[in-house]
């Protein structure tokens, strides 16, 4: 009995074959779509590039460079090289920008300012070739800012890009609803926050008027708060990097038990080279809408709220933006 085996290459996505369909592609959207299909196949099997080359596909070398750059997108030790190569590559071959942008957007939340700058460039270059892909990038980054960074200032430009690139205007309601529910406390953004006089560990009264003219980074915490402990290494790292900048770091406890606060403040988890203060006996937690901890905010020199709900892994990113905007000498 003759048995015939039909061999299908499992490395090629279903429906992707090396035909001459790319020759018939007219619009930039179609060309980007075909490029993306071929890129996906090449990721899984480099031999696919040889078939493309034999068929005369004009972007084979572009795909090779794309894959080479993509290979170290998550390598923090080569981040500068990656950004430089990605910038140059997509300037020469904008057809690659939509798909490289989709790859990079998944790494923006790592908290590297240079990656955030890169994704803006890639998104705008992507829009020249494919507004659909650019819209996906804008949607993803705006969502990251809303859900992960909780940075309303950061959301706005990405929401604007999303709408400019043909996005559904109703999606903006996500932001509106979240703001209306107070999840981001957006009503306080830009608001001049009140003065307070708090006590430090020695019982000395510390007035916010002492910090006039400087930015103030406040971390609200409590002795019983596990997540508060987890953010302290990020705080220490940020303090080390920005200790010479015009910004004051404060840990403000919402504990109602002063003894518990003091024990925790000098213990291994919360000990820090910046001031520990307590909000106990004041209305500060209420007036700053502190409903849960950890809660991290930044006030500008005029006591306006400029950043809120900062998560530990993005502290350096948030401060880096301020440093760049205000030309801090570190």
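The values are calculated or read from the model by the stated rules, or taken from the named source; none is laboratory data. Because the structure is a prediction, the values reported are computed rather than measured. Note that each Cβ is placed from the backbone with ideal geometry, even for glycine, and that neighbours are counted across all protein chains shown.
Of note:
- Residue in the stretch 38-50 that is free of Cβ contacts under 8 Å to residues at least 24 places away in the same chain, crowded, with 18+ Cβ neighbours inside 10 Å and more than 20 Å from residue 127 (Cα to Cα) present: yes
- Residue selected from the stretch 258-270 under the condition surrounded by fewer than 19 Cβ atoms within 10 Å (Cβ to Cβ) and under 19 Å from residue 295 (Cβ atoms), by the criterion farthest from the chain's Cα centre (by Cα): 260
- Residue tally, condition touching a strand residue (DSSP E or B) at 6+ places or on another chain (Cβ under 8 Å), within 19 Å of residue 258 (Cα to Cα) and assigned to a loop (DSSP other than H, G, I, E, B), over the stretch 193-209: 2
- Of all residues in the stretch 185-192, at least one satisfies being modelled with pLDDT under 90, assigned to a loop (DSSP other than H, G, I, E, B), surrounded by fewer than 20 Cβ atoms within 10 Å (Cβ to Cβ) and not assigned by TED's automatic domain parsing to the domain that holds residue 321.
- Yes/no for residue 72 being closer than 15 Å to residue 119 by Cα and either assigned to a loop (DSSP other than H, G, I, E, B) or free of Cβ contacts under 8 Å to residues at least 60 places away in the same chain (or both): no
- Boolean, residue 48 is assigned to a helix (DSSP H, G or I) and either within 14 Å of residue 34 (Cβ to Cβ) or not assigned by TED's automatic domain parsing to the domain that holds residue 120 (or both): yes
- Hey, residue 161 farther than 18 Å from residue 31 by Cα, at pLDDT 70 or above and surrounded by fewer than 15 Cβ atoms within 10 Å (Cβ to Cβ) or not: no
- Note on the stretch 245-330: enclosed strands (runs of 3 or more DSSP E) holding 2 or more residues that are under 26 Å from residue 144 (Cβ atoms), modelled with pLDDT of 85 or more and not assigned by TED's automatic domain parsing to the domain that holds residue 114 are 247-253, 295-299, 305-307.
- Taken over the stretch 51-69, the criterion of being more than 32 Å from the chain's Cα centre (by Cα), buried (at least 18 other Cβ atoms within 10 Å of the Cβ) and not in a helix (DSSP H, G or I) is satisfied by 57 alone.
- Total residues in the stretch 98-125, condition within 19 Å of the chain's Cα centre (by Cα) and within 20 Å of residue 64 (Cβ to Cβ): 8
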